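One structure is given here, and the rest of the page talks about it.
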Amino acid sequence: MQARVISSSSSSGGGACATTYEHGAHLTGWKASFDGDKDAVDVIFTSGSAIFKPPKAIRGGIPVCWPQFANYGPLELQHGFARNCAWKVTDEKEGSIEYTLTYDDIDDEQKAMVPGPFTLKIRHVVVDGTRMRTYMSVTNESEKELEFTTALHTYFVVGDITKTSVSGCKGLSYLDAPPHGSASSDRVLVDEDKDEKITFAGELDRIYFNTPNEVVIHDDARSLEIVVRKSIKGEEHLSELPDAVVWNPWIDKSKATGDLGDDEYKGFVCVETASVKNKIKVPARGGWHGHGGWTWSTAHEIEVRKK
Ligand SMILES: O=P(O)(O)OC[C@H]1O[C@@H](O)[C@H](O)[C@@H](O)[C@@H]1O
């Protein structure tokens, strides 16, 4: 599998670069760099046990969950099929790469999961030394409405999960998943998170609704803050993903996950910009001449700051 590395085109970019793959349009790593420094800081986690063999999704990085997040939708396939497919590179320039997946690229089983032709685009951009973005767009070229749930399922490196917290979710309602091995896998609705920050002392798997623009990971072991932003200055025309998923598998689930090292849970947390509660609906193309289809687009930005 060929890795494509994109480096920042900004003069302040220093050693900042990201590694991406056609498989899943997957970004597997992003190194940030402060003040143009060549010493890069790893921000995005990929498992040392990840399997780089399609159709298996790569464990870590930024899996694109589409056309379904987890089991939120009609499909049996957890997180949809986009992360399992071979995408095509459709644009590549300094600091930026665009991958595209269309109806023609997927197999019959996957075609049965969508109403008809579509174009899905992912663009990863290394903005400067400390910021990167992922843009996503979905064009519905079919004659039926296209509805989906989705997430940019980002795995972040942290120095020590027990010295990590996540802020921005206080006061929000969320769906809480029971721990691995429980008799029921049904999530429970919690009306209000009363804690100032989310901390980690066991498996944690929550879907927060209507999150603010910024959710922040406090990586105290590395004295870093990682900001996950769903609205980008100058790009207000893009739709905002309303929800955020926070996940760490802890010990038992890590052991049960073949492509994740038993101890690796200590070194990452997932904070995923998502739309789970409300399905995104892209209207049917309509029959009139020259109308290729309606497009829905979104993006997230990740910024690293020193504490
Ligand atoms: O093992 P997968 O399919 O990549 O999913 C990993 C995790 O993804 C998270 O988004 C879900 O909230 C978890 O429930 C799930 O375990």
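The values are calculated or read from the model by the stated rules, or taken from the named source; none is laboratory data. Since we're looking at a predicted model, the values are computed, not measured. Here the Cβ is made from the backbone with ideal geometry for all residues, glycine too, and neighbour counts use every protein chain on show. To get the accessible areas, we keep the full protein, side chains included, count just its heavy atoms, and leave off ligands, DNA and RNA. Shrake-Rupley method; radii C 1.70, N 1.55, O 1.52, S 1.80 Å.
Worth a mention:
- Of all residues in region 277-298, none satisfies being touching a residue at least 40 places away in the same chain (Cβ under 8 Å), closer than 24 Å to N248 by Cα and open to solvent by less than 10 Å² (accessible area, probe 1.4 Å).
- Residue list for region 1-21, restricted to those being in contact (Cβ under 8 Å) with a residue 40 or more places away in the chain and surrounded by 19 or more Cβ atoms within 10 Å (Cβ to Cβ): I6, S8, G13, G14, A16, C17, A18, T20
- Selection count, region 51-61, where residues are surrounded by fewer than 24 Cβ atoms within 10 Å (Cβ to Cβ) and either under 12 Å from the mean Cα position of the chain (by Cα) or within 14 Å of the ligand (Cβ to nearest atom) (or both): 4
- For region 25-64, filtering for residues that are closer than 20 Å to I217 by Cβ and assigned to a loop (DSSP other than H, G, I, E, B) leaves 9.
- Considering region 174-220, the qualifying strands (runs of 3 or more DSSP E), each wholly inside and each with 2 or more residues that are away from the ligand (no atom under 11 Å from the Cβ) and open to solvent by less than 20 Å² (accessible area, probe 1.4 Å), run over 214-219.
- Within region 62-80, the set of residues being more than 12 Å from the ligand (Cβ to nearest atom) and without any contact (Cβ under 8 Å) to a residue 60 or more places away in the chain comprises P74, L75, E76.
- All of G95, G116 fail the test of being touching a helix residue (DSSP H, G or I) at 6+ places or on another chain (Cβ under 9 Å), modelled with pLDDT of 95 or more, of a type outside the set (A, V, I, L, M) and open to solvent by less than 60 Å² (accessible area, probe 1.4 Å), apart from G116.
- Residues considered: I226, I232, I207, I161. Of these, the only one that is β-branched (V, I, T) and touching a helix residue (DSSP H, G or I) at 6+ places or on another chain (Cβ under 6 Å) is I161.
- Checking each residue in region 151-171 for being open to solvent by 30 Å² or more (accessible area, probe 1.4 Å) and either among the hydroxyl-bearing types (S, T, Y) or within 16 Å of the ligand (Cβ to nearest atom) (or both) picks out only T162.
- Residue check, D252 acidic (D, E) and over 23 Å from S49 (Cα atoms): no
- Top-ranked residue of region 78-92 - restricted to ones that are open to solvent by 50 Å² or more (accessible area, probe 1.4 Å) and within 16 Å of I58 (Cβ to Cβ), ranked as farthest from the chain's Cα centre (by Cα): A86
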